[in-house]
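Every number in this text was worked out from the coordinates using simple rules, so none of it is lab data. Please read these numbers as outputs of a predicted model, since none were measured by experiment. Cβ: placed from backbone, ideal geometry, glycine included. Neighbour counts: every protein chain shown.
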């Protein structure tokens, strides 16, 4: 009596997969991603982009939602101004045109950019000095140079008090019993060659008034 071995579970699964492939009954795994995410991925693939950072698609979705919201909000304003409650195609077209005119700017022509690049490239770069190590141009010509300057903090100088006037008028207008500053003392110097006596010199020199006690 001849016995045949039973097929194992591995052999059975392999045979089932081969049979399903032969019959074309293969099923793709269910995609649980949102529809908008799949649409953005299809648009990127249509543009030739097959790989991108994981944050690109959420940023594009955010931009799309914000753009649609702004367009519909402006379309509502145009519809209200026209006197009808429902938004029609003309309202949306006007809203899109207003967004294009104010939010998006067209890039400059290619010929204009080439002309600017040619003028810039005509300026010779400074020679790099002969030195050991990495030879780099001066710091102001490198891309790693800081392209901004910090405004220095302006320090307000302390106020300067004007000097007190010096003259005999201050002494004459001083009240009795008021101390007169040292800067207000005026001494009369006799001309050279005179025969003034000591008493005349004492009369010519004013005596400061003592301060009230």
I'd like the distance separating the alpha-carbon centroids of segment 74-117 and segment 37-52, in whole Å. 25 Å
Chain lengthening between residue 153 and residue 98 when straightened (0.36 nm per residue, less Cα-Cα): 15.5 nm
Can you pull the semi-axes for segment 64-116, root of five times each eigenvalue of the Cα gyration tensor, sorted largest first, whole Å? 32, 11, 7
How do 92-104, 112-124 rank on mean C-beta neighbours within 10 Å, highest first? 92-104, 112-124
